[in-house]
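Encoded as structure tokens, the structure appears first; notes follow it.
Quick note: the coordinates plus some simple rules give every number you see, no bench work behind them. As the structure is a computational prediction, the values presented were derived from the model and not from experiment. All Cβ positions, glycine included, derive from the backbone under ideal geometry; neighbour counts span all protein chains shown.
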């Protein structure tokens, strides 16, 4: 079993829909990252979380440390949000990282 | 600032050949990382460095070597390339460790045949 599991693997939405991507992990962590990988392959960091909730524009990320679970929400989705979203955790007391396999999001106009 | 740059963008190697993937950042970041991304799989950490002269292994270090002689540069060396090393390689940097976002380079697509 992977240490970081994401769901769903693939997600297709209509423009304007509310999107939720989930990430569960089974290891002790010091931080959790959400990344966006564009269709061309480039990777951008969206959020770094160690507790609570963060918001940036239409994106919201939450983490529940006790339940070892994080969610990424996209409000009012747009075709330009189409990308692969990756959850990554930094292992506790260590600089090693573990990554989920990614969620491929397609937003149709 | 150019951010994180990687060269080359693409490379085809024959089995047994060696090569160095270059990574440079101009943000004065202390931490640098090398990842590989296999088709349909998640990223995996190969090596990381917390500062000049200090490197450490990640999840999948076998078949690779790194050095960090300057803050800016973090080259990844492949010795005796194998088909299993066919992948896309990403370099990244961050100011410090856990609580700072990482900035990624554009990637190097390597094929070993």
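Looking only at region A:1-28, which residues are assigned to a strand (DSSP E or B) and within 9 Å of another protein chain (Cβ to nearest Cβ)?
A:4, A:6
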Only listed residue being surrounded by 14 or more Cβ atoms within 10 Å (Cβ to Cβ), within 12 Å of the chain's Cα centre (by Cα), away from chain B (no Cβ under 11 Å) and in contact (Cβ under 8 Å) with a residue 40 or more places away in the chain, chosen from A:32, A:72:
A:72
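Residue-wise test of (1) over 13 Å from the mean Cα position of the chain (by Cα); (2) not in a loop (DSSP other than H, G, I, E, B).
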position	(1), (2)
B:20	no, yes
B:28	yes, no
B:33	no, yes
B:60	no, no
B:77	no, yes
Being farther than 26 Å from residue A:3 by Cα and either within 11 Å of another protein chain (Cβ to nearest Cβ) or touching a helix residue (DSSP H, G or I) at 6+ places or on another chain (Cβ under 8 Å) (or both) narrows it down to one of B:113, B:71, so name that one.
B:113
